[in-house]
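Asker: Mind having a look at this structure? Questions to follow.
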Amino acid sequence: MAVIEILPDLFFIQRGYLNGNHFVYRSEDPVLIDTGYIAGFPDTEKLIAGLGVDLSRVRLIINTHCHCDHIGGNRAIQDRSGCEIAIHEIGKYFIDTRDAWSTWWRYYVQEAEFFSCAIGLKDGQVVSVGPYDFKVIYTPGHSADGIVLYNEQEKVLISSDILWENDVAVMTVRIEGSRAVFSLMESLDKIQSLDVKMVYPGHGNPFSDVDSALEKARKRLRQFLENPKRIGNDLIKKIIVYTLMMKQGADEESLFDYLMTTPWFVETVNLYFEGNYRPKYDDAMHSFLKRGVVKRKDGRIFTTIKP
Ligand SMILES: [Zn+2]
């Protein structure tokens, strides 16, 4: 975990993959951007308090999208502070209508709590984070409600799960629709048109080489379009690792049976791999163990990736 003051009193908190990275604006009226995963809340709370920010005084939370690793602390912080929460108007609709499917929570069997959302953000709107103005740029593809936040003056981009340094976030075509890859391509074009000095992503390290990240992302997406099975493989790998993070490891014997009870695993294997559940699971596990992404200990398996 790393805490970086990216602008005076505006802090970037780098987490891992279970918890999205998040931001804290320290003042009498603190503002947060994203709040990690629900199980990571004790750490989130400590990290924020460590900056001298009192959670009961938080005035506003801005969410980059409604996925569980970005909204996990919302409910607890709102209960304590009565803060307003702002999310893209489509995400607000999902939250207002208690739609646990469009948010992906039920599809992936993730833990999350609904909260009350006062503000629906629109493309082009400017949100104030203390003295810093961030333009809301609507960037769907990864999620229907995805936004990035851009500060023109400092050329800072908060890119969430739209642009990472070396990889793309998981594509959930079943929920986002078959055009999702094209939508994400268009969202990357929007980012390309910005003058950006530093990118703070939703997961992983900050980076400055935007063109290289865009090129890598586009290459991945072109590969997805050329061979959709790659989307299936990427999804199976990422979500199994994510599941191991959420559950803090699993009993090796029962993980496969558990996955067979989840909507996403069965459906992804049906969609891309003709229902070959066990071979797909074994392939993924074999490659994880070989690469050291997953380790065995006393009949249990764990991921070595930082949660
Ligand atoms: Zn996401």
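The values are calculated or read from the model by the stated rules, or taken from the named source; none is laboratory data. Just so it is clear, the model here is predicted, and its values are computed rather than measured. Ideal geometry is used to build each Cβ from the backbone, glycine not excepted, and the neighbour counts take in all protein chains shown.
Asker: From the list I48, I4, I13, exactly one residue is surrounded by fewer than 18 Cβ atoms within 10 Å (Cβ to Cβ), more than 16 Å from the ligand (Cβ to nearest atom), of a type in the set (A, V, I, L, M, F, W, C) and not in a loop (DSSP other than H, G, I, E, B). Which is it?
Answerer: I4
Asker: Let me ask something else. For the range 64-76: of the residues being crowded, with 24+ Cβ neighbours inside 10 Å and away from the ligand (no atom under 14 Å from the Cβ), which is farthest from Y17 (Cα to Cα)?
Answerer: The residue in question is N74.
Asker: Return the total of residues in the range 139-162 being within 12 Å of the ligand (Cβ to nearest atom) and not in a strand (DSSP E or B).
Answerer: 10
Asker: Which count do you get for residues in the range 224-260 that are free of Cβ contacts under 8 Å to residues at least 24 places away in the same chain and either assigned to a strand (DSSP E or B) or more than 15 Å from Y17 (Cα to Cα) (or both)?
Answerer: 8
Asker: Does I61 count as in contact with a helix residue (DSSP H, G or I) (Cβ under 8 Å, 6 or more places away or on another chain), in a helix (DSSP H, G or I) and buried (at least 18 other Cβ atoms within 10 Å of the Cβ)? Explain how you work it out, then say what you get.
Answerer: Values: in contact with a helix residue (DSSP H, G or I) (Cβ under 8 Å, 6 or more places away or on another chain): yes; in a helix (DSSP H, G or I): no; buried (at least 18 other Cβ atoms within 10 Å of the Cβ): yes.
Against the criterion (in contact with a helix residue (DSSP H, G or I) (Cβ under 8 Å, 6 or more places away or on another chain), in a helix (DSSP H, G or I) and buried (at least 18 other Cβ atoms within 10 Å of the Cβ)), I61 does not qualify.
Asker: Let me ask something additional. Select, from V148, V136, V170, the only residue that is surrounded by fewer than 22 Cβ atoms within 10 Å (Cβ to Cβ), under 26 Å from F182 (Cα atoms) and within 13 Å of the chain's Cα centre (by Cα).
Answerer: Answer to the selection: V170.
Asker: Any residue in the range 63-81 that is in contact with a strand residue (DSSP E or B) (Cβ under 6 Å, 6 or more places away or on another chain), under 20 Å from P206 (Cβ atoms) and modelled with pLDDT of 95 or more?
Answerer: Yes, the range 63-81 contains a residue that is in contact with a strand residue (DSSP E or B) (Cβ under 6 Å, 6 or more places away or on another chain), under 20 Å from P206 (Cβ atoms) and modelled with pLDDT of 95 or more.
Asker: Quick one: how many residues across the range 172-206 are of a type outside the set (S, T, N, Q) and either not assigned by TED's automatic domain parsing to the domain that holds H67 or not in a helix (DSSP H, G or I) (or both)?
Answerer: Step one: list which residues in the range 172-206 are of a type outside the set (S, T, N, Q), which gives 173-177, 179-182, 184-186, 188-191, 194-204, 206.
Filter again for either not assigned by TED's automatic domain parsing to the domain that holds H67 or not in a helix (DSSP H, G or I) (or both), leaving 177, 179, 194-204, 206.
Selection size over the range 172-206: 14.
Asker: So which residues in the range 191-241 are of a type in the set (F, W, Y) and either modelled with pLDDT under 95 or in contact with a Phe, Trp or Tyr (Cβ under 8 Å, 6 or more places away or on another chain) (or both), if there are any at all?
Answerer: Just the residues of the range 191-241 that are of a type in the set (F, W, Y), to begin with: 200, 207, 224.
Hit for the range 191-241 is Y200, nothing else.
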